[in-house]
1. Which of the following residues is surrounded by fewer than 20 Cβ atoms within 10 Å (Cβ to Cβ), part of a helix (DSSP H, G or I) and modelled with pLDDT of 95 or more: 91, 35, 51?
2. Checking residue 167 against (1) within 13 Å of the chain's Cα centre (by Cα); (2) surrounded by 23 or more Cβ atoms within 10 Å (Cβ to Cβ), which test does it fail?
3. How many of the residues in the range 183-208 are closer than 24 Å to residue 6 by Cα and in contact with a helix residue (DSSP H, G or I) (Cβ under 9 Å, 6 or more places away or on another chain)?
4. For the range 179-194, name all the residues that are out of contact with any strand residue (DSSP E or B) (no Cβ under 9 Å at 6 or more places or on another chain) and on the phi < 0 side of the Ramachandran plot.
């Protein structure tokens, strides 16, 4: 699947239909969200993707929200604590699960006889907790981590990146630059307050201008 059909629809100013929540849907179906159910219940995740496709979604997002090495490591007090009680595969688990999340979405698309063309968006959020932009890593570190994440999902078959719940123009711009370097279309969603401001105090209008200038493919 190429991103081209989606790009062409946007250029014609036509509506593109995204799927709905994945984690929420997992909980609604009375299954826990442990490890995103990517390894223990892959058929369950695949079915949710297929249900969204059958409902008319043209873009399905991977079940990978807040799934990265940093997010997993943050569950531990420090390096000693992590190595003492952490799982043996903790260093590679995030990337393994990221690739699996794309694989399940691609498989759902292949198994579903949908009338519409369907693209797979790798769902990624900020490197630290999305509502604490003040905790974001340095620009250099962010570039390194986003490059790792984006390369993993691209190699696994994602058609685009969807960076979600962002509250910092600077981190958004960094991720956008990396996505362009990796060669993935870039969609982004910000979470403003009811007054139209991000948690950094920046306005949604300023964010839109920055993303347009940087060449983002879509902003939500």
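The values are calculated or read from the model by the stated rules, or taken from the named source; none is laboratory data. Keep in mind it's a predicted model, so treat the numbers as computed, not measured. Positions of Cβ are backbone-derived with ideal geometry, glycine not excepted, and every protein chain shown enters the neighbour counts.
1. 51
2. (1)
3. Looking only at that region, the number is 7.
4. 181, 193, 194, listed by residue number.
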